[in-house]
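Encoded as structure tokens, the structure appears first; notes follow it.
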Amino acid sequence: MLELRPTCENCNKALAANAVDAMICTYECTFCKNCVTTVLFNVCPNCGGGFCTRPVRPSHNLRNGNFLGNHPATTKITYSPVEPEAHKLFADEINKTPPNER
């Protein structure tokens, strides 16, 4: 089950469980859409993979108790800003290969 991390790992922007601008990689590294686009260039600084929009967990019980009330988002903040110039060099090399082929 996704943790639904509460902030962008790069800029520390709050990303509520229902944030539509939260992006995750396959390991659930979580960043805001602005950082993914302008700082990370769709390359996760932790694994090198790409990003997709994080799903939103229903806020109300729509079926079988599967909702935010029974499965709340984590409150643990993971804040580890990237060094922009170093990450750009890393991303420039990785972006030669599409995310689905990395």
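Values in this text are rule-based calculations from the coordinates and carry no lab data. In this text the structure is predicted, and so the values were computed from the model without any measurement. Heads up, the Cβs are rebuilt from the backbone with ideal geometry, glycines too, and the neighbour counts pull from every protein chain shown.
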Check: Scanning for something without any contact (Cβ under 8 Å) to a residue 24 or more places away in the chain, in a loop (DSSP other than H, G, I, E, B) and among the polar types (S, T, N, Q), does the range 1-23 turn up at least one residue?
Finding: no
Notebook entry, point to check: loosely packed, with under 12 Cβ neighbours inside 10 Å and hydrophobic (A, V, I, L, M, F, W, C), is that true of Met23?
Noted result: no
Margin query: Here is a check on your reading of the model: is His87 part of a loop (DSSP other than H, G, I, E, B), in contact (Cβ under 8 Å) with a residue 12 or more places away in the chain and surrounded by 10 or more Cβ atoms within 10 Å (Cβ to Cβ)?
Written below: no
Notebook entry, point to check: Can you tell which of Thr75, Thr30, Thr97 is touching a Pro at 6+ places or on another chain (Cβ under 7 Å) and of a type outside the set (Asp, Glu)?
Noted result: Thr75
Notebook entry, point to check: So Asn100 clears everything in (1) farther than 17 Å from Cys32 by Cβ; (2) part of a loop (DSSP other than H, G, I, E, B); (3) not hydrophobic (A, V, I, L, M, F, W, C) except one condition, right? Which one?
Noted result: (2)
Notebook entry, point to check: Restricting the search to the range 30-49, which residues are surrounded by 22 or more Cβ atoms within 10 Å (Cβ to Cβ) and assigned to a loop (DSSP other than H, G, I, E, B)?
Noted result: Leu40, Val43, Cys44
